[in-house]
Every structure is written in C-alpha cells, then in structure tokens.
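Visitor: This structure is in structure tokens; I'll ask about it shortly.
The values are calculated or read from the model by the stated rules, or taken from the named source; none is laboratory data. Fair warning: this is a prediction, and the values are worked out from it, not measured in the lab. Cβ atoms come from the backbone with ideal geometry, glycine included; neighbour counts cover every protein chain shown. For the accessible areas, the whole protein counts, side chains as well, though only heavy atoms, and no ligand, DNA or RNA atoms are used. Shrake-Rupley method; radii C 1.70, N 1.55, O 1.52, S 1.80 Å.
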Amino acid sequence: MEYQIRKQAQAKKDFEKALSSLAYTQNNWTVFEDFLDYTLLMLQWQDRKEEYFDDLKKRYPKEEQHKLFVEAFYALADIADNDGTGFFDPFGDYFMEHFGNKFKGQFFTPETVTDFMAAITISDDTPDGTIVCDPTCGSGRTLLSAAKCNRRIIFYGADIDLNCCKMTAINMMLNTMEGEVAWMNTLSMEHWKSWHIKKVFNGYGYVPYYITTGPGETHFVERLKNSIASKDIDEANELKVGKKQQLMLF
C-alpha cells in the first residue's frame, strides 16, 4: 500500500515534469490539449495510423519531445492505477490547479463526494448492464465512482466542453469501462461528437477500444430522454422545453 502511494506520487511529479518540459515551445494549455489528443491516438489501437500524428509532429518536431509525450502517457497510467485499485481521475486536480480558474472557472466535484453519491445510488444488487448517466461529466469522476461500485454497468457521460469529454473518454479507457462519452449541449440536445467505448477479450483479459461518431450519431440523447420521461415530467414521449428550445430538466 505504502509502495503504491509513493509510486503514484512519483508518477504525478513525472507527469507534470514532462508536460512542463514540452511547454518550452508551446504554452501549457496547448500542451495539455495536445497530450489529450496524443493519448486518445495511443489508445486507438484498432485503426491507428502514422499520419494521425502528423499535426503533433509539426508542433513537436524533435525526438526528445516525442519521448516526453511517451513519459507523460506512462505516468498517467500509474496515476490512474491508484494503489492498484484503479478508478482514480489523473486529470482533475492537474486541470483545476493549472487551468480551472484561469480559463473557465471549472472546478470538479471532489472524489469523496462522487464516491458518496455513487454509494447511495448503486446498491449491491444493481444488475450488470444497468445504465449510469452523467449529463455534465467533467473529467468523469462521477462515472469512475460508479465503477467502483460495479464496473460491469454501462456508463454514459456528456459535456459541452470538448476537453472534458476527452478526459472522461481516456479515464474510461484506462479502466476498461464500457459506454459512451458525448460532446454535446445536454440542455439544447445539440450533439457534435461521441466516443463509443467497448472492450474485447484477447485470451488473457479485456482490452478497451473506441470508435468515434459525428453530429447526431449518439445513444446518449435517447438514454437521457428515456430517463427523464420515466420520471413523468411530461407525457411519455415528450419533453419540456423553454423559450430558447432548451430542455427543462427540473
């Protein structure tokens, strides 16, 4: 246990050091966005092509820069491992410390709170395949906490912030969580892109993979509508909308 804690602490230092070193040629925010794209490309093992990295190579032409991306990638996995149990958000604290207040005032729910929310929502007899839906997922902490209770349920997350969606998709991949992350406005139901995360058994264990879909190609909207309709907010197949055609959730 103590070894894992030290390992995770060292991984956090290695992660920050690698990104800081990359920031000598780009600003910190650009480096972070590029790292999210790099990580998603590394996890896209089914259809990953060398040319997908071309944009990153233009901004980071030196070999040592590519090594720093690799170092940050492996440090990220060690942070997410969280004393061997997994389901830890390696992005949230870093994001809030470096960018949250400066850019958008984004602050993510503390892990202790999301753990509590999951514990009072998901019981021991919650069936596998049950749908968990977070329409404002941030970096995915609520979904990670739900996975601690039962990792065999299906996870749906959405956010209007593209980088939050990328963080959630990566967190789900690192923990082999099946479901969908939708980049969309959950009030107006306008949808732009989704990451559909699945897993396949390779003979030794389950390996996660994902496919992406474009505007309107999502199961999240259907799930959200069904969830709201089941609460008898309005007639079974209708939803309340405001004057600006935004969905009224309450």
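Visitor: Scan MET184, MET167 and give me the residue that is within 21 Å of GLN44 (Cα to Cα), open to solvent by less than 10 Å² (accessible area, probe 1.4 Å), modelled with pLDDT of 95 or more and of a type in the set (A, V, I, L, M, F, W, C).
Guide: MET167
Visitor: Being open to solvent by 50 Å² or more (accessible area, probe 1.4 Å) and more than 12 Å from ASP81 (Cα to Cα) is the filter; apply it to the range 7-24 and report the residue that is farthest from the chain's Cα centre (by Cα).
Guide: Looking at the filtered set, the residue picked out is TYR24.
Visitor: Against the definition (at pLDDT 80 or above, touching an Asp or Glu at 6+ places or on another chain (Cβ under 7 Å) and either open to solvent by less than 90 Å² (accessible area, probe 1.4 Å) or more than 19 Å from TRP183 (Cα to Cα) (or both)), how does LYS199 come out, yes or no?
Guide: Considered against the rule, which asks whether it is at pLDDT 80 or above, touching an Asp or Glu at 6+ places or on another chain (Cβ under 7 Å) and either open to solvent by less than 90 Å² (accessible area, probe 1.4 Å) or more than 19 Å from TRP183 (Cα to Cα) (or both), LYS199 comes out as yes.
Visitor: Having 1 or more residues that are closer than 26 Å to TRP195 by Cβ and of a type in the set (Val, Ile, Thr) is the bar; report the helices (runs of 4 or more DSSP H) wholly within the range 1-73 that clear it.
Guide: Of the helices (runs of 4 or more DSSP H) lying wholly inside the range 1-73, those with at least 1 residues that are closer than 26 Å to TRP195 by Cβ and of a type in the set (Val, Ile, Thr) span 28-43.
Visitor: Moving on to the next point. Counting only residues that are buried (at least 21 other Cβ atoms within 10 Å of the Cβ) and basic (Lys, Arg), how many does the range 133-152 have?
Guide: 1
Visitor: Within the set of pairs 6 or more residues apart or between chains, which connect a residue that is modelled with pLDDT of 90 or more and of a type in the set (Phe, Trp, Tyr) inside the range 36-64 to a residue that is part of a helix (DSSP H, G or I) and surrounded by 10 or more Cβ atoms within 10 Å (Cβ to Cβ) with Cβ atoms less than 8 Å apart?
Guide: Listed by first residue and then by second, the contacts come to TYR38/PHE53; TYR38/LEU56; TYR38/PHE69; TYR38/PHE73; TYR60/LEU22; TYR60/ASP34; TYR60/HIS66; TYR60/PHE69.
Visitor: Run ALA169 past the list (1) within 24 Å of GLY216 (Cα to Cα); (2) touching a Phe, Trp or Tyr at 6+ places or on another chain (Cβ under 8 Å); (3) free of Cβ contacts under 8 Å to residues at least 40 places away in the same chain; (4) not aromatic (Phe, Trp, Tyr) and report the number of the one that doesn't hold.
Guide: Just one mismatch for ALA169, condition (3).
Visitor: Check off (1) closer than 27 Å to ILE211 by Cβ; (2) part of a helix (DSSP H, G or I); (3) open to solvent by less than 10 Å² (accessible area, probe 1.4 Å) for PHE155 and give me the number that stays unchecked.
Guide: For PHE155, the failing item is (2).
Visitor: Sticking with this structure for a sec: Could you tell me how many of the residues in the range 202-222 are open to solvent by less than 40 Å² (accessible area, probe 1.4 Å) and either over 24 Å from ALA72 (Cα atoms) or hydroxyl-bearing (Ser, Thr, Tyr) (or both)?
Guide: 7
Visitor: Further question on the same structure: Somewhere in the range 125-132, is a residue surrounded by fewer than 11 Cβ atoms within 10 Å (Cβ to Cβ), closer than 21 Å to LEU174 by Cβ and at pLDDT 85 or above? Walk me through it before giving the result.
Guide: Looking only at the range 125-132, we keep the residues that are surrounded by fewer than 11 Cβ atoms within 10 Å (Cβ to Cβ), and these are 125, 127-129.
Subsequent filtering for residues that are closer than 21 Å to LEU174 by Cβ retains 128.
Keeping just the survivors that are at pLDDT 85 or above gives 128.
Checked the range 125-132: at least one residue is surrounded by fewer than 11 Cβ atoms within 10 Å (Cβ to Cβ), closer than 21 Å to LEU174 by Cβ and at pLDDT 85 or above.
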